[in-house]
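Down below is the structure, laid out as structure tokens.
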Amino acid sequence: MSGAPQPPGRPPGLRGRLRRFRPRTRPRFPGLSFNRLIPNILTMLGLCAGLSAIRLALDSQWEKAAALVLVAAAIDGVDGRLARLLKATSRFGAEFDSLSDFLCFGVAPGLILYLWSLHGGGGLGYAPCIFFAVCSALRLARFNASIVEVAAVPLAGPPPKPAFAQSFFTGVPAPAGAGLALFPLFAALAFDSWAWWGLAAAIRHPAVSAVFLLVVGALMVSTLPTWSFKNFKIPAVFVLPLLLGVGTYVAVLLTEPWAALAAGGLIYAGMLPFSFRSYRRLEREAETMLEPVVVGGEGRERPTA
């Protein structure tokens, strides 16, 4: 009979031999794939860099502290784009990124400048640090409010931006603000490497750091439109000069890093008026396209766009 047990030692049948070659199914566990966790891991690394910058500043290791703030800025410029590329964007990731930005670009620069210079100003030397941190928190809170999902919360957040404004930030972004705030430290380190002790001591004065923290903090919470460079298009005639300029800057950055970083801050600050002018020009063009135009002699009007 087919159902009778086979005697011991008899080789298995065809069905038993085929069962051994059947692919084994792996158990599936609920959760996120590793690819979707990579942006959050990068954000955590940036947060660790900001914390380490504060620790090194407490040990008066100014070069390493400033370098770690720059590392955090580089990570911040990558994690968001990587999240969109991997389709791993989430509300948790946006909030985690904002908290990391607040510590790395709102707390760390002011604390580094306080330990480096502002502590010599007594109690007043701490006030610019608080102002800068508060401005950074307000700027990040405003940014978070601007990305509230309109479908879920129809009345929350500011109105959506027009199409031409998508290439602009409102105010100076937090990583750029941190770089501008640390300009006195970059310049002093460059002067020290050139043995220009007088200029290094002058720029280390507490008043210089205080002015930079106050001005940059005000720019962060301002409504000044600044280029985001995400959708920035370069005319064909400027592509080659731009590549040559970037190559020259990288060469200077490798040979004189602190001077190159200080010059980068000056270049970015010099671009702010041009960014404002570009925004106003695009705004006027958009308003011109929406002006009403009289149709025929019937007195009816319609917009041009």
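A short reminder: the numbers here are calculations on the coordinates, not readings from a lab. No experiment lies behind these values; they were computed from the predicted model shown. All Cβ positions, even for glycine, are placed from backbone atoms using ideal geometry, and neighbour counts span all protein chains on display.
So the values come out like this:
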read-out: Ranked by how many other beta carbons lie within 10 Å on average, peptides 263-271, 98-106, 248-256 from highest; value: 98-106, 263-271, 248-256
read-out: ³J(HN,Hα), Karplus 6.51/-1.76/1.60, whole Hz, each residue of region 88-98, x for Gly, Pro; value: 10, 5, 7, 5, 4, x, 5, 5, 5, 5, 5
read-out: In sequence order, calculated HN-Hα J values of region 106-121 (Karplus, 6.51, -1.76, 1.60; Hz; x Gly/Pro); value: x, 9, 4, x, x, 5, 4, 5, 5, 5, 7, 9, 5, 5, x, x
read-out: In sequence order, calculated HN-Hα J values of region 130-146 (Karplus, 6.51, -1.76, 1.60; Hz; x Gly/Pro); value: 5, 4, 5, 5, 5, 4, 5, 5, 5, 5, 5, 5, 5, 5, 5, 5, 6
read-out: Protection-proxy order for peptides 64-77, 188-201, each taking the mean of Cβ atoms within 10 Å per residue, highest first; value: 64-77, 188-201
read-out: Potential lengthening between residue 242 and residue 45 on full extension [0.36 nm per residue; Cα-Cα distance subtracted]; value: 67.8 nm
read-out: Full-extension gain in nm, residue 288 to residue 202, via 0.36 nm per residue minus C-alpha separation; value: 25.9 nm
read-out: 5 angstrom amide H check on residue 168, placed H, neighbours 5+ away; value: 228
read-out: C-alpha center-to-center spacing [region 42-88, region 94-109] in angstrom; value: 9 Å
